[in-house]
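The values are calculated or read from the model by the stated rules, or taken from the named source; none is laboratory data. Bear in mind the structure is a predicted one, so any value in this text is a computation, not a measurement. Here the Cβ is made from the backbone with ideal geometry for all residues, glycine too, and neighbour counts use every protein chain on show.
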Amino acid sequence: MLDATLKMFTYQASSNIARRQYSVEVAHENLCLSAERQLTAKAYRQMAKKKKPGKSEPVIEGKATEVKKKKKTNIFEFLQQVRGEGSKVTWTTRNETLVSTIMVLIMVTIMAIFFFGVDQLLRLGICGILPIECVSTSN
C-alpha cells in the first residue's frame with residue numbers, strides 16, 4: 001500500500017514538473033515571438049519614416065527597354081575567338097574514345113538480345129492464351 005502511494009505521488013510530481021517545464025517553454029517561445037514582432041514593427045516604422053511622401057522619384061509611364069548596341073566583329077576576329085574557345089575544351093584521347101565506343105556496342109548487343117528474348121517469351125505466352133496461329137507462313 002505504501003509502495004503504491006509512493007509510486008502515485010512520484011508520478012504526479014513528475015507530471016507536474018513536465019507540465020511546468022512545458023509551460024515555461026511555451027512562455028519563452030511566446031516571449032521570443034513577441035520580441036521578434038516588436039523588432040519587425042520597429043523596422044517597418046523606421047522604413048516608413050525614411051520614405052517621405054511627395055518626394056518620391058518621378059514615374060515614367062510606358063515600357064522602357066534598354067537597347068545595347070553589340071560590337072560587330074569581322075570574320076577573322078570571330079574565327080580567332082572560335083579557335084580560342086576550342087583550345088579551352090578538354091578533348092578525349094583516342095584510347096578513351098575507342099573504349100567508350102566498344103562499351104556502347106557491347107551494351108547495345110546485350111540489350112538487343114534481352115529484348116529479343118522478352119519478345120519471344122511474350123509471343124509464346126500470347127500464342128498459348130489466344131487461339132491464333134502464331135507461326136507466319138510465307139508463300
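General remarks:
- For the residues Met47, Met107, the requirement of being in a helix (DSSP H, G or I) and at pLDDT below 80 singles out Met47.
- Residue list for region 71-92, filter: of a type in the set (Phe, Trp, Tyr) and in a helix (DSSP H, G or I): Phe76, Phe78
- Condition met for Thr73 (modelled with pLDDT under 90 and either of a type in the set (Phe, Trp, Tyr) or surrounded by 10 or more Cβ atoms within 10 Å (Cβ to Cβ) (or both)): yes
- Checked against the criterion of being outside any helix (DSSP H, G or I) and modelled with pLDDT under 90, region 93-104 has no qualifying residue.
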